[in-house]
Amino acid sequence: MARDEERAGRRETDREDLHGREDLHGREELRDEDELKVQRTEEELRAGTREREAGQVRVNKQVRTDREQVSVPTRHEEVSVERVPVEEGREASEAEIGEDEVTMPVTEEEVVTEKRPVVKEELRIRKDVVQDEEVVEEDVRKEEVDVDDETTALRDR
């Protein structure tokens, strides 16, 4: 405020040409002190994005044991002994009378189990980028300039 008053006082005492020429005292008419610049500023709202971690996906596998039953067909041999009467009087062939042992193998199928891992399912975990739009709202400040020109009132007197 004091600077403005100082400038006003200087203008009255220094009679300078309005075309920017020097007066009799050798001074240039327009100087930095004779001009006042006022800047009006505003805040502009700009929005962008930055990446941050939003969480994570964790996949756990546990082992569960179930009891399964499987029906398996099996075969086995059974031994039957049949005594057959022979004709009377038939002579024995070169067989000697004495102790003897005869063996005949008897077989059966036994169930055998085998376990092997088999892939039954596959999980594919994928990240997809989804485009969204968010509306943000912020308060921004703006300067307003009022100019009160009181010079016309002084000239009209």
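The listed residues are V81, V136, V118, and the only one of them that is farther than 30 Å from V57 by Cα and part of a loop (DSSP other than H, G, I, E, B) turns out to be V81. Of everything listed in (1) under 30 Å from R67 (Cα atoms); (2) surrounded by fewer than 10 Cβ atoms within 10 Å (Cβ to Cβ), the single unmet condition for E109 is (2). Scanning segment 32-60 for residues that are touching a Lys or Arg at 6+ places or on another chain (Cβ under 9 Å) and at pLDDT 85 or above returns L36, R40, T41, E42, E43, V57.
Does V63 fit the bill of being assigned to a loop (DSSP other than H, G, I, E, B), farther than 30 Å from M104 by Cα, among the hydrophobic types (A, V, I, L, M, F, W, C) and at pLDDT 95 or above? When the stated conditions are applied, V63 passes them.
The one condition from (1) outside any loop (DSSP other than H, G, I, E, B); (2) at pLDDT below 60; (3) of a type in the set (D, E) that E29 does not meet is (1). Pairs meeting the criteria (first residue in segment 93-118 and without any contact (Cβ under 8 Å) to a residue 60 or more places away in the chain and hydroxyl-bearing (S, T, Y), second residue in a loop (DSSP other than H, G, I, E, B) and surrounded by 10 or more Cβ atoms within 10 Å (Cβ to Cβ), beta carbons under 6 Å, at least 6 apart or on different chains) are T107/E77.
The values are calculated or read from the model by the stated rules, or taken from the named source; none is laboratory data. In this text, all values refer to a predicted model and were calculated from it rather than measured experimentally. Ideal geometry is used to build each Cβ from the backbone, glycine not excepted, and the neighbour counts take in all protein chains shown.
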